[in-house]
Amino acid sequence: MANLTVSVPEEMKARMDNHPEINWSEVARQCFASKLQEYERGEEKGEYVKMLERALSPIDEKIETEIKSVKEAEIARFTKRWGKPTGQFDVNEKPFVFLSKKFSLVPLTGKVKAIEVANHKDSEKLYTWSNPNLDAWNRDMKSIIEAFQSIGFAVGERELTSDDVQVYLFPDQTKGQARENTRNLLQRYAIFGLFAFDEEDIAYLGHREEKRK
């Protein structure tokens, strides 16, 4: 079998490394085979089919231009608020790009608190939120809640699903490890996430655990 070297951006390589269970060589072979079949089918197209496709291509180009414009505007908006995104990938719905940013805040006690924010429209409508149980959070978290409220964000709690727990509590583990640790944790505890959100973005502030009865 012949060998082929493929170059990918460093950010993509890092994301790929988070999924060692995937055979990326096989994924690449399947993509190459699919693209070859697509071109080979194209060679069999009749003259009128090719003419129709050429007539439609300006429409496709216009759509692509509009999508690119929306994406660029969203990236500019997000960057102005939070700084350059640390995570980014394309999505099928407006604004056609998912953006995330990890940063740190230092509350009054001086202990660094990691925050993760993402562009997520209408978060208030998509989930059922409860008012934060302030007695369950420490002084640092209370000050962070007040800070987000001071810039116009709502703050709410919701019980995290299994998928949420894997994403927020075990982001650096393999999929198998995260799934196993999540299963063990949820057998003993209900996990509540604390979020700040407005119409454009949502920030994960932290979580608390309640022992199951």
Volume per residue of the C-alpha convex hull in the range 99-205, rounded to whole Å³
116
Let's see if you can work this out: charge +1 on each Lys and Arg Cβ, -1 on each Asp and Glu Cβ, no other charges. What is the dipole magnitude of the chain about its Cα centre, in debye to the nearest 20?
780
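Is there a quick way to get the dipole size of the range 106-211? I mean about its Cα centre, with the Cβ of Lys and Arg at +1 and of Asp and Glu at -1; what is the value in debye to the nearest 20?
460
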What would the Debye equation give as log₁₀ I(q)/I(0) for the chain at q = 0.08 Å⁻¹, counting only Cα atoms as equal point scatterers?
-0.44
Helix-only mean residue ellipticity at 222 nm for the chain, each DSSP H run of n ≥ 4 adding -39500 (n - 2.57), per residue, nearest 500:
-15500 deg cm²/dmol
Answer with one residue from 117, 156, 184: the one whose Cα lies farthest towards the positive end of the charge dipole of the range 106-211, charges on Cβ with Lys, Arg +1 and Asp, Glu -1.
184
For residue 160, residues with placed amide H under 5 Å, excluding near neighbours:
191, 192, 193
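Would you mind checking 84/142; 102/125; 71/121; 80/102; 125/211 for any pair whose Cα atoms are more than 18 angstrom apart?
84/142; 102/125; 125/211
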Just add up the charged neighbours of residue 118: K/R +1, D/E -1, any other residue whose Cβ is under 11 Å from the Cβ of residue 118.
0
Could you tell me the relative contact order of the chain? Use alpha-carbon pairs under 8 Å, at least six residues apart, and round to a whole percent.
17
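Sorted by average packing, counted as other Cβ atoms within 10 angstrom per residue and highest first, what order do 127-135, 99-107 take?
Peptide ranking by packing, descending: 99-107, 127-135.
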Among 12, 32, 168, whose Cα lies farthest out toward the positive end of the dipole of the chain, if unit charges sit on the beta carbon of Lys, Arg (+1) and Asp, Glu (-1)?
168
Rank-order 162-170, 10-18 by packing density, defined as the average count of other C-beta atoms within 10 Å over each peptide's residues, highest first.
162-170, 10-18
Only four residue types carry charge here, +1 at the Cβ of Lys and Arg and -1 at the Cβ of Asp and Glu. Report the dipole size of the range 170-213 about the Cα centre in Debye, rounded to the nearest 20.
640
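With an 8 Å Cα cut-off and a minimum separation of 6 or more residues, compute the relative contact order for the range 106-211 in percent.
Across the range 106-211, relative contact order equals 37 percent.
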When you count, for each residue, the other Cβ atoms within 10 Å and take the mean per peptide, how do 64-72, 188-196 rank with the highest first?
188-196, 64-72
Taking springs between alpha-carbon atoms closer than 10 angstrom, which of 112, 155, 27 fluctuates most in the Gaussian network model of the chain?
27
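Readers should treat all values here as calculations from the given coordinates under stated rules, not as data from a laboratory. Note that the structure is a prediction, hence the values are computed from the model and not measured. Virtual Cβ from ideal backbone geometry, glycine too; neighbours counted across all protein chains shown.
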